[in-house]
Structures are given as structure tokens and as C-alpha cells.
Amino acid sequence: MKRTIKTLALVLAMFMLMQTFGVSAFDDKSMTENEWKELYASLRDENTLPTLCVGADETELNICWHADKDTATPKVRMADNAAMTDATVFEGETTPSENEEQLVCRVTMTGIKENSTYYYQWYTDSGWSEAYKYESKDFDSYKMLVVGDIQIGGQSTDNPEEQSRIGYVWQSVLDEALTKNPDISFLLSPGDNTSTGQAADEWQTLLMPEYTRSLPLALAIGNHDKKGMTYEYYTHMPNEFFGKYFEGLDRDCWFRYGDVLYLVFDATSGSAADHKAMADEAIAANPDAKWRVGVMHQGLYAAGVAMLEPETAIMLNAVFQPIFEMYDLDIVFTGHTHMQGRSNFISDGAVVGFAKSGETYKDPNGIIYVNVNACCDQGSLGKELSYLWPYTAYAFVDADVTTYTTVEFTDTTMALKTFRGDNSELLDSVTVEKEDDFNDGKIRVFFRSLGYKIMEVLGWLYLKIDAVVVSIRGGHF
Ligand SMILES: [Fe+2]
């Protein structure tokens, strides 16, 4: 009897403890493949799941969701308790969606404080949604997650088997990464979020893992997203930059998180003038940022044979690399080749220093380029050739599993780690310590900007030629 009372007391104490502290927003939400298939079948046609995105800075969160045209109400409420007592209501706007029946509700939540627990609900067609937990972390020192080429779907807009299969890889890598790294603040993806860019259920599948209710996403545009327009209707990225010459889905964006400025480029557009203008705006608005991160889809120094693709080797190097050099970026994340790899330190196209796995480098010259793996399939054509390129510092050539990368920032250190996506075995790491300021003096930027004018004209010409080529071949590759 005594033992029973003791056990009951212990269970009660644990229950009270859980009530007091709650469970982590990234508590185990693992699923078997069959459980996933059931979830997929039940949600595939809903088209109302929300996308939680990063805000303009760490104190904000953006969210968007589709709602019935007659009842769409762009409202979110947020509280520090699950009962939603004393909740703050945030109102946003509705914008057209890609279909006749729905509108897109867009809301920004503000006033997020660090190391705090929040619960939020959005207004659905049938009232307030279930309350989901969001836990902010430390703002000055934090860890973010990079997973790329999620690329939900197959080669056609009606491919439920492929959507479900890739969705399960996505769910599984989130499960592995977040349960092993519950201190992650947000996820960055260098594009190809969807496969055709034209099907609502590709986005619904991407949003099915419950982890995405608590994990803000920062999503770049990839060539597959560019095959359609759905990215516009299923994301709510901050500081979207539409430029002078961008057309259709083309857009860059930027955001600030702690001491880090993130420049997110649409690498499918060769509009050099617009990309440069976005970088100018972001850099000018964030003179105190300690780190500068670039994000784009196609990899300049990716593992595999990326350098042999003319678009990547010529156009992307010519359009983007000068901007990265002009503003002395620390690191650039890319994807597209479906292969994990990392460069040595690169400056103006040349290797200026080794960045060996496991090492720490103080005030290095040059930029590290990290190419991340894919969820849809792994391995790029010619991956075994990766180490032939002098820029390669690390390439994951010997396995067919996905990977994930974490980056921990403090105001003086940036620690990058890449893990296997199935068991979190550490594959690659490198740390940069920085005391130097950015090498972006006014005279240097002036002369580099002057030289870049040629690229702005060539980029404009490329834009016009690309538009003809895309229309002839019926879309982006
Ligand atoms: Fe791609």
C-alpha cells in the first residue's frame, strides 16, 4: 500500500512538474510511415494549414493560411498560457489566393521576448484553431537549422505517392534534428520547397509535420518553386524586395535575427541590379549586425558537378559572387545539387585558405559556401568527383541519406555542424571566430559597385533572353 501511495505521489509530482514547465515545443512527435500516410490522407485536401515564417527580426513572427473567401478573418491571438487568458490579438490582411474559393490571411505577431513560451491560435473557417506552442530562445546566442531541397511532390502536380514519400523524409529529418537539438530557433531552406510549384497539396504536405507550428521557416525560392506561383500564396516572408526588373514570382528578401543579417536571394533571376539593390537596402538598415549570411538556391561551390552547369558557373558566379564579396559575407548557404558539401575559404573565386573539418579559424579571409542535401533524393551527378575541385573542403559522398546542418552564432563565433539526418552522426564541422569588422569600407564598395554596373546591364540582357528561353521550353528547369 505504502509503495502504491509513493508511486502515485511520484506520478502526481511529475504531472505537476509538466503542468508547471510544460513540454518542449519540439517534444518527440515522431511518426511511423503508416501513421504519416494516414495523416497525409486526412490533410491532403484541406488546404488550410498555416505557414509559420520568420519575422523581420527575432521579436516578430509571420504567419499565413488559406481560408474560405466568405469567412476569411486575418487574426491571430497569442498568450503566455494554453488557456489563452489575457491573449493579445494581432490583425493582418487578406490577399488573393491562387484559387477562386479562398483568400490568404497574413498576420505578423510582434513583441516576442527572448526565452519565453507562447501559445498562439489563428482564426480558421470554424473559429480559433487549436493552440500551438512557440518557444523563443536566446536572442544574442542561438542555433538555427538548415535543411534544403525539401521539394515536396513528384514531376507532376498529381503525384500523391511521391508527395507522401518525400513528406515522410521531411517529417523524419525534422524529428531527428529537433529532438536532438531542441534549442533551435528557426529553419532556413535554400529553396526548392516544392517540386512543381503549382499544386496546393505540395505545400499542405510540407506543412503537415506538427513541428512546423513551432518552428519558424525562412524559405528561399528555387528553380522548382519557379515552375509555378504557389510560393507567393503559401509563404509570408519579411522585407520582400520586388525590385525594378523582377517579374512574376521573382523576389529577394532579408531579415535580422540577433546579431545576424540574412540576405535571401532568388537565384533563378539574373537581375543583378535588383539583387544588388536588395543587398544595399539590407546592409544599410543593419549597420550593427555582426554576421552576414547569404542564402540562394544554386550553389556556386557545391559538391558534385555544379561548376560544370553553365548557369551556375557563369551567370551565378558573375551575378552573385561580386555582391557577396562587396559586402564581405561570412557564409553562403545553397542547395540544388542534392548533395551535402562545404567549401574552403573563397575570395573572388579563388581558394584563399583551407577550412578543414573539425578546425577553428580566427578572422579568416574569404567566404565559406555550404551546399545542403535534399529531402526528395540524395546524391548528385558526379558526386564522386567532388574532391577534384580545389574549393571542396567537405563532401558527403558515401551515403544515400539526407542530412541537416546547424549553425550556432554568438557575437564572436559561428559554429557550423552537419549531421546525418537519420542518426545525427556528426559528419562535418567548422568554427569561425571573428573580431575584425566587415571589410566594406565606403571607397571599396564604391569602386566595386562601379565595376558591377557592367553586370547589371548584362544581367538585364540575360533576364530578357531567359524569359524567351523559359517561354519556349515551357517553364524553368
Ligand atoms: Fe533546384
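Is it the case, given these coordinates, that Lys137 is within 14 Å of the chain's Cα centre (by Cα) and more than 16 Å from the ligand (Cβ to nearest atom)? Considered against the rule, which asks whether it is within 14 Å of the chain's Cα centre (by Cα) and more than 16 Å from the ligand (Cβ to nearest atom), Lys137 comes out as no.
The criterion of at least 1 residues that are within 16 Å of the ligand (Cβ to nearest atom) and either of a type in the set (Gly, Ala, Ser) or crowded, with 24+ Cβ neighbours inside 10 Å (or both) is met by the following strands (runs of 3 or more DSSP E) wholly inside the stretch 214-310: 217-219, 260-264, 291-298. If you go through the stretch 329-346 and pick out every residue that is assigned to a loop (DSSP other than H, G, I, E, B) and within 16 Å of the ligand (Cβ to nearest atom), you end up with 5.
Determine which member of the set Asp149, Asp192, Asp158, Asp183 is assigned by TED's automatic domain parsing to the domain that holds Phe409, closer than 16 Å to Arg44 by Cα and not β-branched (Val, Ile, Thr).
When all the criteria are applied, what remains is Asp158.
Any idea which of Gly92, Gly127 is in contact with a Cys (Cβ under 7 Å, 6 or more places away or on another chain), away from the ligand (no atom under 16 Å from the Cβ) and assigned by TED's automatic domain parsing to the domain that holds Met78?
Result of the check over Gly92, Gly127: Gly92.
Against the list (1) at pLDDT 95 or above; (2) away from the ligand (no atom under 16 Å from the Cβ), the condition Asp201 fails is (1). Being among the acidic types (Asp, Glu) and either in a strand (DSSP E or B) or within 16 Å of the chain's Cα centre (by Cα) (or both) is the filter here; which residues of the stretch 347-379 pass it? Glu359 - this is the single residue of the stretch 347-379 that is among the acidic types (Asp, Glu) and either in a strand (DSSP E or B) or within 16 Å of the chain's Cα centre (by Cα) (or both). As a summary of the residue check, Thr334 satisfies the conditions (1) surrounded by fewer than 22 Cβ atoms within 10 Å (Cβ to Cβ); (2) touching a strand residue (DSSP E or B) at 6+ places or on another chain (Cβ under 7 Å); (3) in contact (Cβ under 8 Å) with a residue 60 or more places away in the chain except for the one numbered (1). The one condition from (1) within 25 Å of Arg420 (Cα to Cα); (2) of a type outside the set (Gly, Ala, Ser); (3) in contact (Cβ under 8 Å) with a residue 12 or more places away in the chain; (4) surrounded by fewer than 23 Cβ atoms within 10 Å (Cβ to Cβ) that Asp192 does not meet is (4). Restricting Phe139, Phe90 to residues that are aromatic (Phe, Trp, Tyr), surrounded by 17 or more Cβ atoms within 10 Å (Cβ to Cβ) and without any contact (Cβ under 8 Å) to a residue 60 or more places away in the chain narrows the list to Phe90. Regarding the stretch 146-166, can at least one residue be identified that is more than 16 Å from the ligand (Cβ to nearest atom), of a type in the set (A, V, I, L, M, F, W, C) and buried (at least 22 other Cβ atoms within 10 Å of the Cβ)? Checked the stretch 146-166: no residue is more than 16 Å from the ligand (Cβ to nearest atom), of a type in the set (A, V, I, L, M, F, W, C) and buried (at least 22 other Cβ atoms within 10 Å of the Cβ).
The values are calculated or read from the model by the stated rules, or taken from the named source; none is laboratory data. These figures come from a predicted structure and were not determined experimentally. In this analysis, Cβ positions are derived from the backbone assuming ideal geometry, glycine residues included, and neighbour counts consider all displayed protein chains.
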